[in-house]
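Novice: Dropping the structure in here first, questions after.
Just so it is clear, none of the values below were taken in a lab; they were calculated from the coordinates. As the structure is a prediction and not an experimental result, all values here were calculated from the model. Cβ: placed from backbone, ideal geometry, glycine included. Neighbour counts: every protein chain shown.
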Amino acid sequence: MRERDMQPDHLVTVADFQEASRHAISEPAWDYITGGSGDEITVRANTSVFEERRILPRMLRETSSIDTRTTILGAESGKPFAIAPMALQRLFHPEGEIATARAAARNDIPFSLATLSSIEMAKVVEHGGQFFFQLYWLRDRGLMAEMLAGAETFGCRAVILTVDAPPLGHRLRDVRNGFRLPDDVYPANIVSEDDEAAESLRDSVDLTFDTSLNWDDLEWIKEHCSLPLVIKGLLHPDDARAAVEHGADGIVVSNHGGRQLDQAVTSLEVLPLIREAVGPDLELVLDSGVRSGRDVLLALARGADSVFIGRPALWGLAVAGADGVSQVLGILEAELLDAMSLSGTRTIAEAKELAVW
Ligand SMILES: Cc1cc2nc3c(=O)[nH]c(=O)nc-3n(C[C@H](O)[C@H](O)[C@H](O)COP(=O)(O)O)c2cc1C
């Protein structure tokens, strides 16, 4: 990239931010964001599947005013997208999760606090905004109960249980880079900096995960937390049906951005099957591969109620902290408004009626 193209004014797409962020942080940190598991077949498929879809636009629909307001998992949102749960954001900028959450609030969208946040949840929520809490199933039940109580106290709108990640996928870029956490970055909801445990987590944060997770465990979460329970990481329609039977209030259809099972199907492909399995009323969020406002529209048209923004927010964070994230969110919003107006789509309800191939 030329020097001139790195200036914020010249960054006009998510792809521009992806490229600029490469020069803003260390290569192992950039690889940690951008890479996935195995041969990264699913990482590539996640974006190409959106590119292969086509929108069938409607005309003469008086699109002089477009309304993108909606609710996402119980949170009011100015747009049909929210920030995905993403671990250890101080790897990419000193202000980490606080910067990303501030940008989310500024853009009137919710932010997902992650179990593996590099800043304690209490310190992130202080800055205001609307939040979800993402839970990894940990061996330490006491710690989970504490975090769930915190999520309630801090006014989170939902608990998002991530079920596709015990254990973490085999990410070959990280292996080749010998990637380990620097001394000042650690999962702050789980350990403190001087904890002996922090040292052992530098090589593999999933040491704390309990891989015995099964459907019966949802009951434990419901006993310890009254917030709506959302399951993140389902791809099979039968699992979606099981989630409904076990009382889930929503599903995030996700392959974890291709960071877990390589060659897993893409979220966009299976979305219509999942919508058919759960019926029209259960809330479905899609993530994995959303890179433009058009992608947001495509996901809604294929059955999602909203989407999560993952890597694009972190590329923005790496380039310019909260301002970088905000700029990325602004690009997505402008592209969404443009695609809605050019396809005769005035509301989120109409976006769900749009035909796509
Ligand atoms: C650096 C990074 C860290 C992540 N950490 C978590 C996490 O702690 N918990 C979780 O449920 N998902 C995590 N994810 C997955 C995201 O929530 C989301 O599913 C994924 O990023 C979507 O793919 P995309 O970013 O390619 O659109 C992480 C993703 C990235 C890129």
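Novice: Can you pull the percent of Cα pairs in the chain with separation above 33 Å?
Specialist: Counting every Cα pair in the chain, those more than 33 Å apart make up 23 percent.
Novice: Turning to a different aspect of this structure: Between ILE41 and LEU172, what is the label-point separation in nm under the 7 Å Cα-to-beta-carbon projection?
Specialist: 1.2 nm
Novice: Ok, one more. Roughly how many nanometres apart are two label points built 7 Å out from the Cα toward the Cβ at ARG180 and ALA15?
Specialist: Rounded to a tenth, the inter-label distance reads 3.8 nm.
Novice: Comparing PRO182, PRO28, PRO80, which has the greatest mean-square fluctuation in the GNM of the chain with Cα pairs linked when under 10 Å apart?
Specialist: Fluctuation is largest for PRO182.
Novice: ASP239 versus ALA355, label points 7 Å from Cα toward the beta carbon: distance in nm?
Specialist: Label-label distance for ASP239 and ALA355, simple model: 3.3 nm.
Novice: Using only alpha carbon positions, build the gyration tensor of segment 1-135, then give the equivalent ellipsoid semi-axes as the square roots of 5 times its eigenvalues, largest first, whole angstrom. It would help to have the intermediate numbers written out before the result.
Specialist: Numbers: eigenvalues 139, 114, 59 Å².
In descending order, the three semi-axes are 26, 24, 17 Å.
Novice: Separate question: Cβ under 10 Å from PRO237's Cβ, PRO237 left aside: what net charge do those residues give with Lys, Arg +1 and Asp, Glu -1? Show your work: numbers first, answer last.
Specialist: Values: positive: ARG241, ARG275; negative: ASP238, ASP239, GLU276.
Taking every other residue near PRO237 into account, the sum is -1.
Novice: So, one more: How large is ³J(HN,Hα) for each residue in segment 139-151, as worked out from phi by the Karplus curve 6.51 cos²θ - 1.76 cosθ + 1.60 (θ = phi - 60°), to whole Hz, x for Gly and Pro?
Specialist: With the stated coefficients, segment 139-151 comes to 5, 7, 5, x, 5, 4, 4, 4, 5, 5, 5, x, 4 Hz.
Novice: Starting from the Cα-Cα distance between GLU146 and GLU276, subtract it from 0.36 nm times their residue separation and give me the gain in nm to one decimal.
Specialist: Fully extending the segment from GLU146 to GLU276 adds 43.2 nm.
Novice: Using the crude model of +1 on Lys and Arg Cβ and -1 on Asp and Glu Cβ, and no other charge, please compute the dipole size for segment 226-354 relative to its Cα centre, in debye to 20.
Specialist: Details: 10 positive and 18 negative charges, 51 e Å.
Dipole about the Cα centre, nearest 20: 240 debye.
Novice: Next question, about the same structure. Which ³J(HN,Hα) values, rounded to whole Hz and listed in residue order, are derived for segment 67-73 from phi using the Karplus coefficients 6.51, -1.76 and 1.60 in 6.51 cos²θ - 1.76 cosθ + 1.60 with θ = phi - 60°, glycine and proline given as x?
Specialist: 10, 9, 5, 6, 10, 10, 6
Novice: Among 256-263, 315-322, 274-281, how do they line up by average Cβ neighbours within 10 Å per residue, starting with the highest?
Specialist: Top of the packing list down: 315-322, 256-263, 274-281.
Novice: Additional query: Would you work out if segment 186-265 is rounded, prolate or oblate? Take a ≥ b ≥ c from the square roots of the eigenvalues of the alpha-carbon gyration tensor; rounded if a/c is under 1.5, else prolate when a/b is larger than b/c, oblate otherwise.
Specialist: Numbers: a/c = 2.69, a/b = 1.50, b/c = 1.80.
Cα axes put segment 186-265 in the oblate bin.
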